[in-house]
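S.K.: Before we start, here is the structure in question, set down as C-alpha cells.
The values are calculated or read from the model by the stated rules, or taken from the named source; none is laboratory data. For clarity, every value in this text was computed on a predicted model and none was experimentally measured. Cβ sites come from the backbone with ideal geometry, for glycine too, and all protein chains shown count toward neighbours. These accessible areas exclude ligands, DNA and RNA; they are computed on the full protein's heavy atoms, side chains included. Shrake-Rupley method; radii C 1.70, N 1.55, O 1.52, S 1.80 Å.
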Amino acid sequence: MFFVKPTNLKPVKSKVPAVPMGSIHFYDDILKYFNNKPAKQQIKKGFKTITFVTTGIIAYDGGQTTMLHLGSLLNELGYKVYYLSYVPQSRASMVKNAEFNYPGYRGTCVDVSQLDKHKSDLWVATLWESAYIIKNKPGYKLYFVQDYEPYFYAFGDRYQLAKRTYELGLHMISLGPWCAKMIKENSNYSSPIDEINFPVDLTDYPFEKRGFKKYENKKTVKLAVYTKWDSPRRAPINIQLILQNTQKLLKKKGIELKITYFGTGKSKIFINGKNAGKLTKPEMVDLYHKSDFGIAPSMTNFSLVPFEMMSAGLPFIDFEEGTGAYFLEPNTYLSTKMNEYNLTQTIAQALQQPKQLKRMVNAAADHLQNVTWKKTITDFMGILNGLEPID
C-alpha cells in the first residue's frame, strides 16, 4: 500500500486564472424576471407605442446605433418610441450617448426606475436578457435579434440561457438572414421569425474615387483593421497573429504592410501596427479614404463596419470563416481564408489587378444602394402591418 506523507507546502499562485464561470449576483437587479413561463401575446388594433428595452445607452455601440436609427424612423412614421434601460444609468447619460451614437435621434430615453411602471403597446427585446424582462409584460413582444447571442459565451449556463430566449414565444425579427438561419437550425422555436434588411447609411461614409493604377507599384500598403478586444466575434487575437505573420510574408515580396487598428480603446497595446482607438464617424471616413484595404472580421452576425468601408470606396477583405457571404455579393469584395498565406496571396494579387479592383469597388457601391435604411424600415413596417389584433 502506498501512503502519501502530509506536507506543509502551500501552492504557488498561477499566472493563469481559472476559467471564469460568472456569478448569479451579476443579475441581482433583474432576478425576478428569469423564468420559463412562455410569453402571452396581446395586441390591439391601432397600436402606437413601441419600447426598446436595452442595457442603457453605450457609446460606440453598433447594435444600439442600429436600434436608435430604427426607432427614429418609427418615430417619424408616427409611433411613440421609447428606449427603456434595465440597468442603472441616468437619463441624462442615456440621452448624451444616444446623441453621440446617432445625432438627431428621435424617441424618449427612460431610466431603470420606470422598468416596472412603463406601459407600451409593443415591447422590443434587444439582448437576450431583455427577452426575459419583457416576455410577460402586457402587450405584444418583439425580439430584435442582431446576433446569435449564445455564441457570446463559452458553452455553459449563459449559453443555455441565451439560447432559450428563442423558445419563449416572442415574435423574432432577425437583422439579416444569418441570425434567422442559426435560430432555425439550433432551436425548438414555435413563434414567428422574420428577417429585415441589414442596412448601411451611405450619407455618413461618402464614396471617394482612388487611383487604382498606383496599386501596381505600391511598396507600402496601408491596411485599416476594425476589431474589439472585448468582442471575440471580431477576432481580436486571431487577426493580430495572422497580420503579424502576413507582414513577414509580404516583406519577403518587397511590400511593407502598415496596419492601423481601430475600435478598441487606446490603452490596449497591439503586437503590431498602430492602435488609433475608438474613432468618430469623420475620423473613420478619413481613415478609410487614406487606406488601401480594409478588414473587419465578423465571426458571427455581420458588422456595420464592412458596409461603411465599402461605402467610402475602400476595397474590403473578408474571411470565408465569417458571415460575409450572407450579406455581400461575390464580386463586391476580396474573399480569403483566415490564415497568413491566403491573406498574403490575396493582397499581393489584388495589387497587380487594379482594373479588377476598380470594378469591384464600383460593384460594391452599386450593391449598397440596395441595402439602405429605406429597405430596412419598409421590411419592418411590413411586419408591423401584418400583425393581427389579438383579443
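S.K.: So which residues in the stretch 261-272 are touching a Lys or Arg at 6+ places or on another chain (Cβ under 7 Å) and surrounded by fewer than 19 Cβ atoms within 10 Å (Cβ to Cβ), if there are any at all?
M.R.: GLY265
S.K.: I'd like the full set of residues that are among the polar types (S, T, N, Q) and surrounded by 15 or more Cβ atoms within 10 Å (Cβ to Cβ), limited to the stretch 105-129.
M.R.: Those that are among the polar types (S, T, N, Q) and surrounded by 15 or more Cβ atoms within 10 Å (Cβ to Cβ): THR108, SER120, THR126.
S.K.: Suppose the filter is within 27 Å of PRO232 (Cα to Cα) and out of contact with any helix residue (DSSP H, G or I) (no Cβ under 8 Å at 6 or more places or on another chain); does PHE144 pass it?
M.R.: no
S.K.: May I pose another question? In the stretch 194-236, which residues are in a loop (DSSP other than H, G, I, E, B), open to solvent by less than 40 Å² (accessible area, probe 1.4 Å) and at pLDDT 90 or above?
M.R.: Once the filter is applied, which keeps residues that are in a loop (DSSP other than H, G, I, E, B), open to solvent by less than 40 Å² (accessible area, probe 1.4 Å) and at pLDDT 90 or above, the stretch 194-236 yields ASN197, PHE198, PRO199, TYR205, THR227, ALA235.
S.K.: Assess whether LEU387 counts as being open to solvent by less than 40 Å² (accessible area, probe 1.4 Å), in contact (Cβ under 8 Å) with a residue 24 or more places away in the chain and not in a helix (DSSP H, G or I).
M.R.: yes
S.K.: Step by step: first the residues of the stretch 277-327, then only those that are open to solvent by 20 Å² or more (accessible area, probe 1.4 Å) and of a type in the set (Ser, Thr, Tyr), then the one that is modelled with the highest pLDDT. Which residue is that?
M.R.: The extreme case among them is TYR326.
S.K.: Just to be sure, is GLY265 assigned to a loop (DSSP other than H, G, I, E, B), under 30 Å from PHE100 (Cα atoms) and in contact (Cβ under 8 Å) with a residue 24 or more places away in the chain?
M.R.: On the way: assigned to a loop (DSSP other than H, G, I, E, B): yes; under 30 Å from PHE100 (Cα atoms): yes; in contact (Cβ under 8 Å) with a residue 24 or more places away in the chain: yes.
So GLY265 passes the test.
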